[in-house]
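The structure under discussion appears below in the form of structure tokens.
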Amino acid sequence: MATKSATHDRPRGESVRERHRDVDRWISAIREDVTAGKTAAAEDALDQLSEEFEEIIEELHEQLDGSLDEGRDMIRSRPFFSVGAALGAGVLAGMVVGVLLGTNKKNRD
């Protein structure tokens, strides 16, 4: 099986698409190893894939925490704007639901 480069050599901002392609390649290589009867190589590849998933999940947690912190800071700095935005979003969502329900009701009659 072709081995992947060390996950720590990757830049932190690597795109999701690049990681998706890497994962697809590793899965294909694992399938080839299993088909060829190389179970030890397949197990090693699965371990590497598991480590990569753990790193991706950790990175996503960090990004989510950063986004939540930014959102909290914005709400704290402009609470009235935040309440107004939430109210506006609720009214807009209510209007959309009302239109959709009204359209469905007319179609049934």
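If you check D47, D69 for being at pLDDT 85 or above, assigned by TED's automatic domain parsing to the domain that holds S15 and not small (G, A, S), only one passes: D69.
Residue-wise test of (1) touching a helix residue (DSSP H, G or I) at 6+ places or on another chain (Cβ under 9 Å); (2) assigned to a helix (DSSP H, G or I); (3) charged (D, E, K, R).
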position	(1), (2), (3)
I27	yes, yes, no
D33	yes, yes, yes
D47	no, yes, yes
F53	yes, yes, no
D65	no, yes, yes
R72	no, yes, yes
A85	no, yes, no
G90	no, yes, no
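The values are calculated or read from the model by the stated rules, or taken from the named source; none is laboratory data. Only a predicted model underlies this, so the values are computations on that prediction, with no experimental measurement involved. We place every Cβ from the backbone using ideal geometry, glycine too, and count neighbours over all the protein chains shown.
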